[in-house]
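Here's the structure we're looking at; comments come further down.
Any read-out appearing in this document is the output of simple, stated calculations on the displayed coordinates, not a laboratory observation. Being a predicted model, the structure only gives us computed values, none of them experimental. Cβ sites come from the backbone with ideal geometry, for glycine too, and all protein chains shown count toward neighbours.
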């Protein structure tokens with residue numbers, strides 16, 4: 001599981017940063033990629049990566065401002081020409097269905113795969129035997145959501161040494177012990193899984209937020225996340241502008257990370273007004289509040305351990 005930042009700028013593209021899009025790579029877990037937002041030229045950014053559009057399984061749209069959705073119709077259309085024939089689901093706020101249906105219809109775009117569009121509300125929007133996705137409302141100039149991807153806890157490791165001490169040698173029986181609550185050995189002895197499996201491994205939690213004002217209550221939604229991806233459109237000295245334009249500052253994002261006990265904070269959605277040394281200052285501001293902060297840049301890739 002890793003994050004690949006395709007666009008990290010706010011509002012409009014710049015020479016240094018394209019507009020918002022983040023890929024959550026789940027290649028080992030399920031052989032697919034999930035996309036969060038799809039700003040203009042996202043498919044161009046993908047050309048510079050190892051991401052395959054045909055592997056994109058789900059796209060989550062935080063809100064309907066153009067810098068988060070203008071690349072979506074083009075990507076959906078191109079996916080058909082690039083070998084994509086498996087179903088794809090787009091999740092987003094009310095209005096995403098009308099936007100996509102109109103864009104595809106007016107442009108005469110025919111898809112070679114089934115496209116499902118789900119307009120979301122707060123709560124659990126997806127769950128299978130691996131992952132659960134929850135969304136929650138933010139505070140922006142239009143409906144905006146944050147998404148948390150929670151991996152299910154994994155069974156603990158089989159305590160092989162303990163089994164060998166009992167004379168149980170490696171073989172198919174090991175798999176049975178791990179999968180079944182109890183197993184009868186060839187000797188007739190019954191053993192219980194709980195006695196031969198270590199503690200479950202806690203599943204990873206990744207939270208990716210759309211544009212939002214700083215809201216203290218969000219800490220309950222992102223609590224204990226392994227990674228929190230949060231916008232940082234403004235420096236701390238521009239807190240008034242951040243509030244007026246429904247955005248957050250670097251320090252506000254860092255305060256949320258600290259209060260919510262997250263492990264890592266990755267800042268994105270950086271205004272083009274901040275270049276070079278100014279970006280270093282944004283980093284310094286965040287680290288003053290939450291030391292494990294970093295600022296994403298286009299094509300920044302990081303593994304989620």
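So how far, in whole Å, is the C-alpha centre of region 75-116 from the one of region 183-260? About 30 Å separates the Cα centre of region 75-116 from the one of region 183-260.
Find how much the distance from residue 165 to residue 115 grows on full extension, using 0.36 nm per residue of separation minus their present alpha carbon separation; answer in nm with one decimal. Please list the in-between numbers first.
Numbers: separation 50, 0.36 × 50 = 18.00 nm, distance 5.40 nm.
The residue 165-residue 115 span can extend by a further 12.6 nm.
By the beta-carbon count within 10 Å of each Cβ, the least crowded to most crowded order of 264, 17, fewest first, is 264, 17. Taking a ≥ b ≥ c as the square roots of the eigenvalues of the Cα gyration tensor, an a/c ratio below 1.5 marks region 1-119 as rounded.
Is region 53-158 best put as rounded, prolate or oblate by its Cα gyration tensor, with a ≥ b ≥ c the root eigenvalues, rounded for a/c under 1.5, and otherwise prolate when a/b is larger than b/c, oblate when not?
Oblate.
The ranking of 154, 194 from fewest to most other beta carbons within 10 Å of each one's beta carbon is 194, 154. Modelled spin-label separation between residue 294 and residue 82, with each label point placed 7 Å from Cα along the Cα-to-Cβ direction: 2.5 nm.
Contact order for the chain, expressed relative to its length and based on alpha carbon pairs under 8 Å spaced 6+ residues apart, stands at 17 percent. Remark: the residue 174-residue 128 segment gains 14.0 nm on full extension, using 0.36 nm per residue and subtracting the alpha carbon distance.
By the count of other C-beta atoms within 10 Å, a proxy for reagent exposure, 176, 251 are ordered fewest to most as 176, 251. In this label model, residue 243 and residue 215 are separated by 1.7 nm, measuring between points 7 Å along each Cα→Cβ vector. Only beta bridges with both residues in region 13-70 are counted; by DSSP, about 55 percent of them are antiparallel.
A straight chain from residue 44 to residue 273 at 0.36 nm per residue would run longer than the Cα-Cα distance by 80.1 nm.
May I ask for the angle, rounded to the nearest 10°, between helix 277-289 and the longest principal axis of the chain, with both axes built from Cα atoms and the value confined to 0 to 90°? Computed tilt is about 50 degrees. Working from label points 7 Å from Cα in the Cα-to-Cβ sense, the residue 157 to residue 182 distance is 2.8 nm.
Compared with the dominant principal axis of the Cα atoms in the chain, helix 96-106 is inclined by about 70°.
Please state the shape class of region 140-284: rounded when a/c is under 1.5, otherwise prolate if a/b exceeds b/c and oblate if not, all from the C-alpha gyration tensor. Prolate, because a/c is 1.5 or more and a/b exceeds b/c.
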